[in-house]
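Written out below as structure tokens is the structure these notes cover.
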Amino acid sequence: MLPQLPLGLAFTQPHSFEHYYGGANLEAVTMLERCAGGEGEIFLYLWGETGTGKSHLLQACCRKAHSLGQRVAYLPLAELRIHPPTILEGLEHADLVCADDIGAIAGNPPWEQAFFHCFNRLRERTARLIVADRKSPAQLPIRLADLHTRLTWGLTLPLKPLSDSDKLAALQLRARHLGLELSPQVGQFLLTRYPRDLPSLWRLLEQLDRATLAAKRRLTIPFLRQYLRENPCKF
């Protein structure tokens, strides 16, 4: 049996590959999908700056594997590190383990040791492991040399920041999934006047979706100007 993770820390968010715009990262997304489906590499290391969608992709991997009847575990290590590392025991019985923010346990000897042993047990059973962080394996400040070495064994997948045209396409994709019509003109208006990091734009889109539904209006530039003028503290 898989260990019982602390309440609220298992993967629950509705992230999927269909909701992720790959753009220049399409090859990395394809490799992740193959791994989640039980094909290709059994160990992948995903890295990229904040806002490139690492957590989204890890949870998408978990969702896909789970939909295929596989046992999965999503580990948000930045949250889990406040718990004893014994929660990693038994994870080798999973088919897929996705460990987010591996750098969060750097410099924490008990956690580094526990993850090292977990890595070895997963490898012995040929279970699949996907690790993600903002930094590349070579840049990680992991002190346990053996763990640092193992984290360089897998196929490394760097995520590139999206170009402006890719951000616009990503905005339109997210809007379609919300049921919100986002014209190129409105999307460009948002990109040129408001925070350009995707997490902030996603939150803004969700707020605009609720606002247009409440007002029973389409999302146009005049509506957008009015809404943002009336809600300046949110941005």
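Take a quick pass over the chain and tell me how many lysine pairs come in under 29 angstrom between Cα atoms, counting only ones 8 or more apart or on separate chains.
Summing the qualifying lysine pairs gives 14.
Residue separation times 0.36 nm, minus the C-alpha to C-alpha distance between Glu49 and His66: what's the value? Write out the running numbers ahead of the final one.
Details: separation 17, 0.36 × 17 = 6.12 nm, distance 2.71 nm.
Roughly 3.4 nm would be gained on extension.
State the extension gain, in nm to one decimal, for the chain segment bounded by Asn120 and Phe189, taking 0.36 nm per residue of separation less the distance between their alpha-carbons.
19.9 nm
Report the Cα centroid-to-centroid distance between the stretch 193-235 and the stretch 22-99 in angstrom, as an integer.
Cα centres, the stretch 193-235 to the stretch 22-99: 32 Å.
Enter the angle in degrees (range 0 to 90, nearest 10) between the Cα long axis of helix 109-124 and the first principal axis of the Cα atoms of the chain, meaning the one along which they spread out most.
So the inclination is approximately 80 degrees.
Name the residues of the stretch 42-75 whose amide N is less than 14 Å from a point 7 angstrom out from the Cα of Leu26 along the C-beta direction?
none
Give me the percent relative contact order of the stretch 17-158, please, defined on Cα pairs under 8 angstrom at least 6 residues apart.
Values: 244 pairs, mean separation 44.5, N = 142.
Result for the stretch 17-158 is 31 percent.
Give the residue list of trypsin sites (Lys or Arg not before Pro) in the stretch 193-235 that are DSSP loop and have at most 13 other beta-carbon atoms within 10 angstrom.
Working: sites: Arg193, Arg196, Arg203, Arg210, Lys216, Arg217, Arg218, Arg225, Arg229, Lys234; in loops: Arg196, Lys216, Arg217, Arg218.
Sites meeting the loop and neighbour criteria: Lys216, Arg217, Arg218.
Which angle between 0 and 90 degrees, to the nearest 10, do you get for helix 164-178 versus the longest principal axis of the chain when only C-alpha atoms count?
So the inclination is approximately 90 degrees.
Place the peptides 110-119, 75-84 in order of packing, highest mean first, counting for every residue the other Cβ atoms within 10 Å and averaging per peptide.
110-119, 75-84
Per residue of the stretch 96-102, in order, report the coupling 6.51 cos²θ - 1.76 cosθ + 1.60 (Karplus, θ = phi - 60°) as ³J(HN,Hα) in whole Hz, putting x for Gly and Pro.
9, 10, 10, 9, 9, 6, 4
Using only the alpha-carbon atoms, how far is helix 54-67 inclined from the longest principal axis of the chain? Give it as 0 to 90 degrees, nearest 10.
70
Can you tell me the mean projection area, over all orientations, of the convex hull of the chain's alpha carbons? Units nm², please.
Average of the hull's projected areas for the chain equals 13.7 nm².
Can you compute the helix-only [θ] at 222 nm over the chain? Use -39500 (n - 2.57) per DSSP H run of at least 4 residues, normalise by all residues, nearest 500 deg cm²/dmol.
So the helix-based figure for the chain works out to -13500 deg cm²/dmol.
Which of the listed residues, Phe223, Leu91, Thr126, is farthest toward the dipole's positive end in the chain, when Lys, Arg count +1 and Asp, Glu count -1 at the beta-carbon?
Toward the positive end, the furthest listed residue is Phe223.
What does the extension gain come out to for Arg218 and Lys160, with contour length at 0.36 nm per residue minus their alpha carbon separation?
17.6 nm is the gain from fully extending Arg218 to Lys160.
Values quoted throughout were computed directly from the atomic coordinates according to the rules given, and no laboratory measurement underlies them. Given the structure is predicted, the values throughout are model-derived calculations rather than measurements. Don't worry about glycine lacking a Cβ; one is built from the backbone with ideal geometry, like all the others, and counts go over all protein chains shown.
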